[in-house]
1. Which value, in debye to the nearest 20, describes the size of the charge dipole of the chain about its Cα centre when Lys and Arg Cβ atoms bear +1, Asp and Glu Cβ atoms bear -1, and nothing else is charged?
2. Stretched out fully, how many nm does the piece from Cys87 to Gln68 gain, at 0.36 nm a residue minus the Cα gap?
3. For the chain, compute the orientation-averaged projected area of the C-alpha convex hull (one quarter of its surface), in nm².
4. Identify which of Val41, Val11, Val62 has the largest mean-square fluctuation in a Gaussian network model of the chain, with springs joining Cα atoms closer than 10 Å.
5. Running a GNM on the chain with Cα contacts under 10 Å, which residue among Ile74, Ile27, Ile51 ends up with the highest mean-square fluctuation?
6. Provide the per-residue ³J(HN,Hα) series for the stretch 24-35, in order, calculated from phi with Karplus coefficients 6.51, -1.76, 1.60 and θ = phi - 60°, each as a whole number of Hz, with x at glycine and proline positions.
7. Need the C-alpha centroid separation for the stretch 34-53 versus the stretch 1-26, integer Å.
8. Return the loop-located trypsin sites (Lys or Arg not before Pro) in the stretch 1-88 (DSSP other than H, G, I, E, B) with at most 16 other Cβ atoms within 10 Å of their own Cβ; answer none if there are none.
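Read-outs throughout are calculated quantities, based only on the coordinates presented, and are distinct from any laboratory measurement. Keep in mind that this is a model prediction, so the values were computed, not measured. Every residue, glycine among them, receives a Cβ derived from its backbone with ideal geometry; neighbour counts consider all protein chains shown.
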Amino acid sequence: MKLGLITGHVVATRKDENLVGAKLLIIQPILPGGSSAGQPVIAVDTVGAGIGETIIYVIGSVASRATQHPNAPIDAAIVGIVDSVDCPGAGGL
C-alpha cells in the first residue's frame, strides 16, 4: 500500500464496460512527511475519496480485487482515506 494525495479527477465517457460508474481520481504519490514521491497516477476510487484528501492506494493485480469487478482492467485503486500519519522523523501529515 502507498500514500497519496488526491489532486484531481478524470472524466471518460467511453471506457471498458467493467469501469462504467467508476470514479477515476488523480493521485500524487507522497511520502509520510507529505513530500511528492513520483509521477501522478490515475486510480479507481472504492471509498468515496475527494480532492485534497490523503489516501491509501494499491497498484498492480491486487487493485482490481478492491472493486466489484475483479476482472476489470484496473492498475490502481484507492482503498482508504487517511485520518493521520504518525511517523517520527517524517513530519507527519
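1. Dipole magnitude for the chain comes out near 180 debye.
2. On the way: separation 19, 0.36 × 19 = 6.84 nm, distance 3.28 nm.
Full extension from Cys87 to Gln68 adds 3.6 nm.
3. Values: hull surface 23.2 nm².
Approximately 5.8 nm², given one-decimal rounding.
4. The residue that fluctuates most here is Val11.
5. The residue that fluctuates most here is Ile51.
6. Residue by residue, the stretch 24-35 yields 9, 10, 9, 10, 9, x, 9, 8, x, x, x, 7 Hz.
7. Between the Cα centre of the stretch 34-53 and that of the stretch 1-26, the gap is 10 Å.
8. On the way: sites: Lys2, Arg14, Lys15, Lys23, Arg65; in loops: Arg14, Lys15.
Loop-located and lightly packed - Arg14, Lys15.
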